[in-house]
Each structure stands twice: as C-alpha cells, then as structure tokens.
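Visitor: Just passing along the structure, written as structure tokens.
The values are calculated or read from the model by the stated rules, or taken from the named source; none is laboratory data. Computed from a predicted model, the values in this text were never measured in an experiment. All Cβ positions, glycine included, derive from the backbone under ideal geometry; neighbour counts span all protein chains shown. Side chains are part of the model used for accessible areas, which takes the heavy atoms of the whole protein and leaves out ligands, DNA and RNA. Shrake-Rupley method; radii C 1.70, N 1.55, O 1.52, S 1.80 Å.
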Amino acid sequence: MEQISSIIQRYYTKALENSDKTVYDLFKWTKRDVLLTDYKTGRVLCDMKDLEFPEAYSQQAADIIASKYFRKAGVNTPEGHETSMRQVAHRMVDFWVAALVEEGLVEEGDQSQILYDELVYGLLAQIYAPNSPQWFNTGLKRSYGIEGGQNELYYWDPEKEEAVESPDTYTRTQASACFILSIKDSLLGEASISDHYVTETRLFKGGSGTGTNFSPIRAEGEGLSGGGQSSGLMSFLKGLDRNAGAIKSGGTTRRAAKMVMLNIDHPEIEDFITWKAKEEDKVMALAKMGYDGDIDGEAYNTVSGQNS
C-alpha cells in the first residue's frame, strides 16, 4: 500500500495544491450544439443543444462524444441525458477510483483525491481515452442509479474464488473491449453454435467485440451423427456476421465487430480466405446496377462478411 501510494502525486494538477479549485476549474468550458444528419436522406441522427465541452475540443470531437458516448436516458438531469463532458469524466473516473479504494489498492482520502484529479485531467485534456465499453457503461449505477436489468453477466468473486452472477448490468461494468470465445462443433448446448449467437449478442449489446477460432466447426458435406451432411462452416459464419451487423454496439449506431479465425488446415480454408473479396465483387456488381454502394447502403446490406 505504501509503495503504491507513494507514486500517486500531483503532476498535471499541481495548481490544485492548497486551493479551493477543482480539477474542472483548470479548463475553459464552452457550449456546443451537435446536429448530425444522414447526408443522403437528411434524417436527423443526433440533435443535442447546449452541451458543455472544454474549449479546446474540436467540433468533430464534440460530435463523436455526444452522439456515441453521452448517456441518452435515465440520467437525473432536467434533460434526462448527459449534457456535459464533466458528467462523463466524473462517472468513469469516480467509478475507477472507488473500485481501487474498495480493493485496497489506493488509500481513501488525499491519495484517492489526487488520483481522481489526475485521471480526470488526463481524460479532459485528451491525453488518453478509455475503450468504448467504458464510455458506454462505467459508473452508470454509481452516478445515476441506472441498474439496467439482469443480463446474465458474471464477475470473479475473490472470496468465493469462483465466477458469480452480477445482480444487474451496471453494478460491475462490462468494460473489456474484446472477449475471446470458444465454440464447439455442436448445434445446441454450452459453447455450441446456437449458444454463440446468444453470447455474442450479450457482449455486443454492452459495446464489446468478440474473437473466435472457428476451426472446430466441420466443413460442408461432412457427415452428421444423426445422418445427413453438415451445411458447413461458412454458412454459420455468414449467419453470425449478420447478427453482428444487426446488434448495435452499446446501443449506438456503431455496428459490432468480430475477429474471425480459421486454422490453415481446415477443409474450407480457401473459401474463408476469399470470403470478403468475393462479397466485395458482389457489391461492385450491384453498385453498377444502380444499388446504393455506400457502406450502409443496400448493396452492402445484401452481402456478408462486413462485420468480420
């Protein structure tokens, strides 16, 4: 404890020593309006006014943070949503520091306050930025009382020395950017193909991506235990890719992302390697026929592999 505490010192926030100011007083603040529209249809994607950001932020930075990462519902403000980068910085950093105090890694008091101030300063000054699940989820219950229901999320309990189910979505934040998932060559059951849909959907909903080596899945034409032949690896990959496109990451307009791997000795390796290239050829052909070739247009929506 003494060793950890000794390295927590003011660096960016030395101006706060013997001062009544807060870390937020070290920045000049300004109000911004954020209006984003679909350039093709004119449909309004985000319309938020009088949002507060540090003066040094570009309009593009304000647009991204407001449209993607400001909490849009359940916030105890007159507007019902987050309106300031102060709120976002506080809910994330306050959660991180409280967790460190709870785990006995940081002393509550001067040390925790210094750590809070330094982390808030670094975030507001754009020295660092956490991954998207942190922006989406962290601190929602601690700051706003948002629980988010029960989504069968688990965490490691050091006292019980086992994974236990979390009481709600936001008491313990889903904060990892990517999860590596296993899969078995089975349609039903734990780690099966159908279970993979459920697991990925749960993780995509929380703003995370996934990665899987799909080599256990048998190839097209291989025999099944109940008779008949397998529809093959690629058919399942296409379905899972569609699922990723349908589930918006963290509930925003950003599509979920999948890392898809296959061993070089799998019977369908050639189809796997050329999958995306062939789908791109289809997009080009459809675009020449007059279909919208934009990434979110009709041509791309008719092919697979775009989220993998």
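Visitor: Output the number of the condition that Glu159 fails; it satisfies all remaining conditions of (1) closer than 28 Å to Glu268 by Cα; (2) open to solvent by 20 Å² or more (accessible area, probe 1.4 Å); (3) more than 21 Å from the chain's Cα centre (by Cα).
Guide: For Glu159, the failing item is (1).
Visitor: Read through the list (1) within 30 Å of Phe136 (Cα to Cα); (2) out of contact with any Leu (no Cβ under 9 Å at 6 or more places or on another chain); (3) of a type outside the set (Asp, Glu), then give the number of the only condition that Ser304 fails.
Guide: (2)
Visitor: For the range 127-143, name all the residues that are surrounded by 18 or more Cβ atoms within 10 Å (Cβ to Cβ) and among the aromatic types (Phe, Trp, Tyr).
Guide: Passing the criteria: Trp135, Phe136.
Visitor: Show the residue pairs that are 6+ apart or on different chains and have beta-carbon atoms under 7 Å apart, the first residue being within the range 113-141 and at positive phi, the second being of a type in the set (D, E, K, R) and part of a helix (DSSP H, G or I).
Guide: Gly139/Arg91; Gly139/Asp94
Visitor: Kindly indicate the residue of the range 173-203 that is among the β-branched types (Val, Ile, Thr) and in contact with a strand residue (DSSP E or B) (Cβ under 8 Å, 6 or more places away or on another chain) and also most open to solvent (accessible area, probe 1.4 Å) among those meeting that condition.
Guide: Ile180
Yes/no per residue for (1) in a helix (DSSP H, G or I); (2) modelled with pLDDT of 95 or more; (3) more than 20 Å from the chain's Cα centre (by Cα):
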| position | (1), (2), (3) |
| --- | --- |
| Gly250 | yes, no, no |
| His266 | no, yes, yes |
| Ile273 | yes, yes, yes |
| Lys276 | yes, no, yes |
| Tyr291 | no, no, yes |
| Ile295 | no, no, yes |
| Tyr300 | yes, no, yes |
| Val303 | no, no, yes |
| Asn307 | no, no, no |
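Visitor: Another question, if that's okay. Out of curiosity, is Thr169 open to solvent by less than 20 Å² (accessible area, probe 1.4 Å), part of a loop (DSSP other than H, G, I, E, B) and closer than 23 Å to Ala129 by Cβ?
Guide: Here the answer is yes, as Thr169 does meet what is asked.
Visitor: On to the next question. Restricting the search to the range 212-241, which residues are of a type outside the set (Asp, Glu), open to solvent by 10 Å² or more (accessible area, probe 1.4 Å) and in a loop (DSSP other than H, G, I, E, B)?
Guide: Those that are of a type outside the set (Asp, Glu), open to solvent by 10 Å² or more (accessible area, probe 1.4 Å) and in a loop (DSSP other than H, G, I, E, B): Ser215, Pro216, Arg218, Gly221, Leu224, Ser225, Gly226, Gly227, Gly228, Ser230, Ser231.
Visitor: Is it fair to say Lys21 is surrounded by fewer than 18 Cβ atoms within 10 Å (Cβ to Cβ), basic (Lys, Arg) and closer than 25 Å to Asn137 by Cβ?
Guide: Spelling it out, it is not the case that Lys21 is surrounded by fewer than 18 Cβ atoms within 10 Å (Cβ to Cβ), basic (Lys, Arg) and closer than 25 Å to Asn137 by Cβ.
Visitor: Let me ask something else about it. Within the range 60-70, can one find any residue that is within 23 Å of Ala256 (Cβ to Cβ), basic (Lys, Arg) and open to solvent by 40 Å² or more (accessible area, probe 1.4 Å)?
Guide: yes
Visitor: Next up: Do we have Lys49 as open to solvent by 30 Å² or more (accessible area, probe 1.4 Å), closer than 30 Å to Asp296 by Cβ, among the charged types (D, E, K, R) and assigned to a helix (DSSP H, G or I) here?
Guide: no
Visitor: Give the residues of the range 82-107 that are open to solvent by less than 40 Å² (accessible area, probe 1.4 Å), over 20 Å from Asp157 (Cα atoms) and in contact (Cβ under 8 Å) with a residue 24 or more places away in the chain, sorted by residue number.
Guide: Thr83, Ser84, Met85, Val88, Ala89, Arg91, Met92, Val93, Asp94
Visitor: Related question: Does Gly245 fit the bill of being over 23 Å from Pro130 (Cα atoms), open to solvent by less than 60 Å² (accessible area, probe 1.4 Å) and either of a type outside the set (D, E, K, R) or part of a helix (DSSP H, G or I) (or both)?
Guide: yes
Visitor: Let me ask another. With respect to the numbered conditions (1) under 28 Å from Thr30 (Cα atoms); (2) of a type in the set (S, T, N, Q); (3) in contact (Cβ under 8 Å) with a residue 40 or more places away in the chain, which one is the sole condition not fulfilled by Thr210?
Guide: With respect to (1) under 28 Å from Thr30 (Cα atoms); (2) of a type in the set (S, T, N, Q); (3) in contact (Cβ under 8 Å) with a residue 40 or more places away in the chain, Thr210 is out only on (1).
Visitor: On the given criteria, is Leu124 surrounded by 20 or more Cβ atoms within 10 Å (Cβ to Cβ), over 20 Å from Gly207 (Cβ atoms) and touching a strand residue (DSSP E or B) at 6+ places or on another chain (Cβ under 9 Å)?
Guide: The answer is yes for Leu124.
Visitor: In the range 108-119, which residue that is more than 27 Å from Gly209 (Cβ to Cβ) and not acidic (Asp, Glu) is surrounded by the most Cβ atoms within 10 Å (Cβ to Cβ)?
Guide: Leu115
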